[in-house]
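This report refers to the structure that appears directly beneath it.
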Amino acid sequence: MAPTGDLRKKFGRFRILVVGRANAGKTTLLQRVCNTTENPEIFDRRGKKIDATIVQSSRDRGYHDIKNELVFGSNPDFVFHDSCGFEAGGEAEFKMMKEFVLKRASTPKLKERIHAIW
Ligand SMILES: Nc1nc2c(ncn2[C@@H]2O[C@H](COP(=O)(O)OP(=O)(O)O)[C@@H](O)[C@H]2O)c(=O)[nH]1
Ligand SMILES: [Mg+2]
């Protein structure tokens with residue numbers, strides 16, 4: 001087995017999808033794991049930072065996009081994706097999550113792959 005450092009170099013950041021209902025405690029869980037109380041920075045899939053003030057005041061699709069990347073400043077090597085499927089409860093959202101998982105679990109682009117689902 002390759003030493004951890006080699007794996008890190010090959011795969012880059014560790015990417016985790018968190019799935020659960022609204023208010024299940026997903027955000028709290030991520031903060032606990034990252035040992036922080038800060039809110040994550042949110043980036044779109046192209047890496048463009050999404051303004052936190054927009055995020056807080058808006059419930060539009062721009063924010064509730066499973067492709068957005070959540071990163072805590074204290075733990076920049078971990079990237080989280082927050083499922084929106086179960087929050088909206090709609091079939092379209094569930095389908096998007098399914099597609100996201102199917103695509104990102106097998107993509108040959110290692111940097112885009114999800115490594116774990118919680
Ligand atoms: N009692 C209790 N409350 C929790 C726990 N985890 C989170 N909460 C609270 O539940 C609410 C929703 O948590 P949040 O992490 O925002 O849920 P999310 O919508 O899944 O991201 C917040 O008010 C948290 O403080 C827990 O383990 N026990
Ligand atoms: Mg949350």
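Roughly how many Å² is the accessible area per residue of segment 7-49, as a whole number, for a 1.4 Å probe? Don't skip to the end; give the middle numbers.
On the way: 3110 Å² over 43 residues.
I get 72 Å² per residue for segment 7-49.
Under 5 Å between amide hydrogens, built in the peptide plane, is the criterion, and for Val79 it picks out Phe14, Arg15, Ile16 among residues at least 5 positions away or on other chains.
Sequence-ordered 3J(HN,Hα) estimates for segment 65-70 from the Karplus curve with 6.51, -1.76 and 1.60 and θ = phi - 60° stand at 10, 4, 6, 4, 10, 9 Hz, glycine and proline given as x. Around the amide H of Gly20, modelled in the peptide plane, lie the amide H atoms of Ser83, Phe86, all under 5 Å away and 5 or more residues distant in sequence or on another chain.
The values are calculated or read from the model by the stated rules, or taken from the named source; none is laboratory data. From a predicted model like this one, the values you see are computed outputs, not experimental measurements. Side chains included, ligands, DNA and RNA excluded: accessible areas come from the protein's heavy atoms. Shrake-Rupley method; radii C 1.70, N 1.55, O 1.52, S 1.80 Å.
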